[in-house]
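The values are calculated or read from the model by the stated rules, or taken from the named source; none is laboratory data. Only a predicted model underlies this, so the values are computations on that prediction, with no experimental measurement involved. Cβ sites come from the backbone with ideal geometry, for glycine too, and all protein chains shown count toward neighbours.
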Amino acid sequence: MTPRSNPGPRRVLVLSAATASMVIAAGIAAVGTAEAASTLGASAAQTGRYFGAAIAAGRLGDSTYTRILTTEFNSVTPENEMKWDATEPSQGNFTYGNGDRILNQGNAMGAKVRGHALLWHAQQPGWAQGMSGTALRNAAINHVTQVATHYRGKIYAWDVVNEAFADGGGGGRRDSNLQRTGNDWIEAAFRAARAADPAAKLCYNDYNTDGVNAKSTGIYNMVRDFKSRGVPIDCVGFQSHLGTGIDSTYQANLQRFADLGVDVQITELDVQQGGNQANIYSTVTKACLAVTRCTGITVWGIRDTDSWRSDNPLLFDGSGNKKAAYTSVLNALNAGGTMPPTTSPPSSGGCTASVSLNAWTGGYVATVRVTAGSTAVNGWTVAVSLPSGSAVTNAWSATNAGTTGTVNFRNVDYNGQLAAGGTTEFGFQGTGPGPSAAPVCRVG
Ligand code: G3I
């Protein structure tokens, strides 16, 4: 199918035949039914998502590469430029030249920039490979602090820890010099990253997690533990380096992580070329669109010739032509999906709020989730900024002060007390356009 042009803003959400309250109770979000957008980024943006690519600083001088990059993508990830060996080649000497080139490229495009990766057993500088114990732990945490501080406020999501779980069925940690510093190295890294850059979403990222399996379950248990203890984690990256098939539980696996209260992202997608390549790309895209908290997809390179793999796994061939896989992704994106929530910046104390929207022409129903930080909450208020022409008509499980502009929603008597990490929901209905900015939660 030839995609149509005219990628301008144009989102129409259609509420199903069910009443608004039934829709909320069922947790179903609206599905888009408007004209197609003609690029991957614009199509993903229709449901509030991004579509990104891993890029290499050394390729930015290639005009075909940059033409596709700037036309098609609204997120970038440095393929190698923000890794430990690139950013701290000798201990305490930080080099950000190529990382900054990726950041600047993303900024110039108005794209989200994913940070990859603060700690990993691979691509460590030689000096770190030779370290162990407390010296390595301190060096690793210092690395997290320094790099996250350098990029403070500029990174949408950091892969704080990459590939720390073992393959092979046990569901346990991978042996590495970092793991040998103590099992708590991962949470120490997340806490250091949060302290250095409170605005970035903090992700754990791994591969061979493309369904419900022993490895993904090991990671699931870690994320559940982190959430229960208030360790700051906001997202899980599913690399999705795929072969000729895809696990039938791919979407269910994303959903079970989302149900823990983290975003999920497809972070390094590439698929072996063969009979199923286009279908597998489409399946992955549809799975993300079906999971409300799946906030975006990144492919690991642009053209087949840019890939770390030799089996032509990307969306553009070596000459920069769109492949069948490209069209299948674009069509899947244009078919619509759930709207991801907009979430207030994470914080270690206090509370956060996120809103999910069911919108239709002329009105909307919003469901707001309130989550306590690392300490218990006794009373909360959520401020929701409504755009011009929007007005609240009724609310449930909260009381609202005002109906237009910035509306404060206060807890009712039965849902003001939240345990550390605990959540509750309230909702409201309105006329006009729904909120598009992140709600702000405060205690009291
Ligand atoms: O830059 C040097 C160059 O100067 C030198 O001439 C050349 C000779 O081999 O090597 C170049 O560095 C290579 C670098 O890619 C840039 O091309 C490294 O050797 C090579 O090891 C490195 O590979 C990267 C790989 O991570 C390292 O493990 C791939 O580009 C990169 O795509 C890949 O990305 C990883 C993710 O970070 C994590 N998940 C898996 C994914 C694929 O392996």
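Summary of computed values
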| item | result |
| --- | --- |
| Matching option when the condition is farther than 21 Å from Arg229 by Cα and within 16 Å of the ligand (Cβ to nearest atom), among Val113, Val160 | Val113 |
| Pairs with Cβ under 6 Å, 6+ apart, first in segment 67-87 and under 10 Å from Gly52 (Cα atoms), second hydroxyl-bearing (Ser, Thr, Tyr) and away from the ligand (no atom under 16 Å from the Cβ) | Glu72/Thr39; Asn74/Tyr50; Ser75/Tyr50 |
| Index of the failed condition, Asp263 passing every other in (1) buried (at least 18 other Cβ atoms within 10 Å of the Cβ); (2) within 16 Å of the ligand (Cβ to nearest atom); (3) charged (D, E, K, R); (4) closer than 19 Å to Asn162 by Cβ | (2) |
| Qualifying residue in segment 307-315 (condition: within 13 Å of the ligand (Cβ to nearest atom), over 23 Å from Gly115 (Cβ atoms), at pLDDT 95 or above and among the polar types (S, T, N, Q)) | yes |
| Options Asn331, Asn253, Asn276; residue that is more than 16 Å from the ligand (Cβ to nearest atom) and more than 22 Å from the chain's Cα centre (by Cα) | Asn276 |
| For Ala53: the one exception among (1) touching a residue at least 60 places away in the same chain (Cβ under 8 Å); (2) within 20 Å of Ala199 (Cβ to Cβ) | (2) |
| Residue that is nearest to Gly379 (Cα to Cα) [pool: residues in segment 397-438 that are surrounded by 16 or more Cβ atoms within 10 Å (Cβ to Cβ) and of a type in the set (Phe, Trp, Tyr)] | Phe409 |
| Residues located in segment 176-220, provided they are touching a Gly at 6+ places or on another chain (Cβ under 7 Å) and of a type in the set (S, T, N, Q) | Thr181, Asn205, Thr217 |
| Listing of helices (runs of 4 or more DSSP H) fully contained in segment 43-137 that carry 3 or more residues being over 24 Å from the mean Cα position of the chain (by Cα) | 63-72, 126-129 |
| Inter-residue pairs, beta-carbon under 9 Å, first in contact (Cβ under 8 Å) with a residue 12 or more places away in the chain and of a type in the set (Lys, Arg) and in segment 242-262, second assigned to a helix (DSSP H, G or I) and surrounded by 18 or more Cβ atoms within 10 Å (Cβ to Cβ), 6+ apart | Arg256/Ser216; Arg256/Tyr220 |
| Residue within segment 345-367 that is under 27 Å from Ala53 (Cβ atoms), within 16 Å of the ligand (Cβ to nearest atom), of a type outside the set (Val, Ile, Thr) and surrounded by fewer than 22 Cβ atoms within 10 Å (Cβ to Cβ) present | no |
| Test: residue in segment 384-392 that is in contact with a Lys or Arg (Cβ under 6 Å, 6 or more places away or on another chain) and surrounded by 16 or more Cβ atoms within 10 Å (Cβ to Cβ) | no |
| From the options Pro232, Pro198, residue that is out of contact with any strand residue (DSSP E or B) (no Cβ under 7 Å at 6 or more places or on another chain) and within 20 Å of Arg114 (Cα to Cα) | Pro198 |
| Residue satisfying all of: in segment 80-110; surrounded by fewer than 19 Cβ atoms within 10 Å (Cβ to Cβ) and within 25 Å of Ala37 (Cβ to Cβ); farthest from the ligand (Cβ to nearest atom) among these | Gly110 |
| From Ala164, Ala135, residue being surrounded by 15 or more Cβ atoms within 10 Å (Cβ to Cβ) and either under 25 Å from Asn98 (Cα atoms) or modelled with pLDDT of 95 or more (or both) | Ala164 |
| Boolean, Trp120 is within 12 Å of the ligand (Cβ to nearest atom), surrounded by fewer than 22 Cβ atoms within 10 Å (Cβ to Cβ) and of a type in the set (Phe, Trp, Tyr) | yes |
| Residues (hydroxyl-bearing (Ser, Thr, Tyr) and either within 16 Å of the ligand (Cβ to nearest atom) or touching a helix residue (DSSP H, G or I) at 6+ places or on another chain (Cβ under 8 Å) (or both)) located in segment 211-243 | Ser216, Tyr220, Ser240 |
| Subset tally (residues that are over 25 Å from Gly48 (Cα atoms) and of a type in the set (A, V, I, L, M, F, W, C)) for segment 243-275 | 1 |
| Looking only at segment 201-210, and only at residues there that are touching a helix residue (DSSP H, G or I) at 6+ places or on another chain (Cβ under 9 Å) and crowded, with 22+ Cβ neighbours inside 10 Å, the one that is nearest to Gln273 (Cα to Cα) | Asp210 |
| Thr77 vs. criteria closer than 25 Å to Asp317 by Cβ and within 12 Å of the ligand (Cβ to nearest atom) | yes |
| Only one of Gly301, Gly320 that is on the phi > 0 side of the Ramachandran plot, modelled with pLDDT of 95 or more, in contact with a Lys or Arg (Cβ under 9 Å, 6 or more places away or on another chain) and within 13 Å of the ligand (Cβ to nearest atom) | Gly301 |
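Yes/no per residue for (1) modelled with pLDDT under 95; (2) among the basic types (Lys, Arg); (3) more than 16 Å from the ligand (Cβ to nearest atom):
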{"site": "Gly170", "(1), (2), (3)": "yes, no, yes"}
{"site": "Arg174", "(1), (2), (3)": "no, yes, no"}
{"site": "Gln179", "(1), (2), (3)": "no, no, yes"}
{"site": "Arg191", "(1), (2), (3)": "no, yes, yes"}
{"site": "Lys201", "(1), (2), (3)": "no, yes, yes"}
